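Novice: After the structure tokens below, expect a handful of questions from me.
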Amino acid sequence: METKIFLNLAVKDLNKAISFFTELGFSFNPKFTNEKGTCLIIGKNINVMLLVEEFYKTFTNKEICNTAKASEVLISISMESREKVDDILEKAVKAGGTDYIEPKDYGWMYQRTFLDIDGHHWEVFFMDESQIPNN
């Protein structure tokens, strides 16, 4: 079996979270979907489990992060173009997310940041590795 990543995030309302990420163009794995959570597919081996808070709590003894006050994780995903980065950001805002930080353009990398409807921090970027400056 290939190694896969399953990032887990607590959500307040599973149906609203599913609607939000559907608007961004993502799909879900029905094998890992029920009333307690769903599996958001990011890539071939990259998934995000969106778990209702009560179910999420069964995996940890720690408090769930209050994303209005603290950052628990920065989720960064690459896009195939600058245009796709802007498109995802526009879709996120239209679906109820927040355009969180001004766009950053490093020449070789272009980055935008949004907060989803549960306040989780997502960075979407396009990177041309052939243009990375040598240090």
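Derivation of every value follows stated rules applied to the coordinates shown; laboratory data play no part. As the structure is a computational prediction, the values presented were derived from the model and not from experiment. Glycine gets a Cβ as well: all are built from the backbone with ideal geometry, and neighbour counts include every protein chain shown.
Novice: Counting Lys +1, Arg +1, Asp -1, Glu -1, what net charge surrounds F21 among other residues with beta carbon under 12 Å of its beta carbon?
Specialist: Numbers: positive: K16, K91; negative: E23, D116, D118.
Counting the neighbours of F21, the net charge comes to -1.
Novice: Give me the Kirkwood hydrodynamic radius of segment 71-135, using the inverse of the mean 1/r over all pairs of distinct Cα atoms, in Å to one decimal. Please report the intermediate quantities before stating the final value.
Specialist: Values: mean 1/r = 0.0823 Å⁻¹.
Over segment 71-135, the inverse of the mean reciprocal pair distance is 12.1 Å.
Novice: Under 5 Å between amide H atoms, partner at least 5 residues away or on a different chain: which partners does F32 have, H built in plane at 1.01 Å?
Specialist: Amide H to amide H, under 5 Å and 5 or more residues apart or across chains, F32 pairs with C39.
Novice: List the pairs from K12/K91; K16/K57; K16/K62; K12/K62 whose alpha-carbon separation is above 23 Å, in the order I gave them.
Specialist: On the way: K12/K91 20 Å; K16/K57 19 Å; K16/K62 25 Å; K12/K62 17 Å.
Listed pairs above 23 Å: K16/K62.
Novice: OK, next. Whole-Å semi-axes of the chain's equivalent ellipsoid, largest first, each the root of 5 times a Cα gyration tensor eigenvalue? Kindly include the intermediate steps, with their values, before the conclusion.
Specialist: Numbers: eigenvalues 141, 57, 46 Å².
Those come to 27, 17, 15 Å.
Novice: Evaluate the relative contact order of the chain (contact order divided by residue number), counting alpha-carbon pairs under 8 angstrom at least 6 apart; express in whole percent.
Specialist: On the way: 225 pairs, mean separation 29.3, N = 135.
For the chain, the relative contact order is 22 percent.
Novice: Counting every Cα pair in segment 1-58, what percent are over 15 Å apart? Before the final figure, lay out the partial values.
Specialist: Numbers: 736 of 1653 pairs.
The calculated P(r) of segment 1-58 puts 45 percent of pairs beyond 15 Å.
Novice: Restricting to bridges with both residues inside the chain, how much of the DSSP beta-bridge set is antiparallel, in percent to the nearest 5? Could the numbers behind the result be given before it?
Specialist: Numbers: 22 of 34 bridges.
Counting only bridges with both partners in the chain, antiparallel ones make up about 65 percent.
Novice: 5 Å is the cut-off here: which amide hydrogens, built 1.01 Å from N in the peptide plane, fall below it relative to C65, excluding neighbours closer than 5 in sequence?
Specialist: none
Novice: Moving to a separate point now. Where a Cα-Cα gap under 16 Å defines reach, which lysines qualify for K31, not counting those fewer than 8 residues away within the same chain?
Specialist: Correct list for K31: K4, K44.
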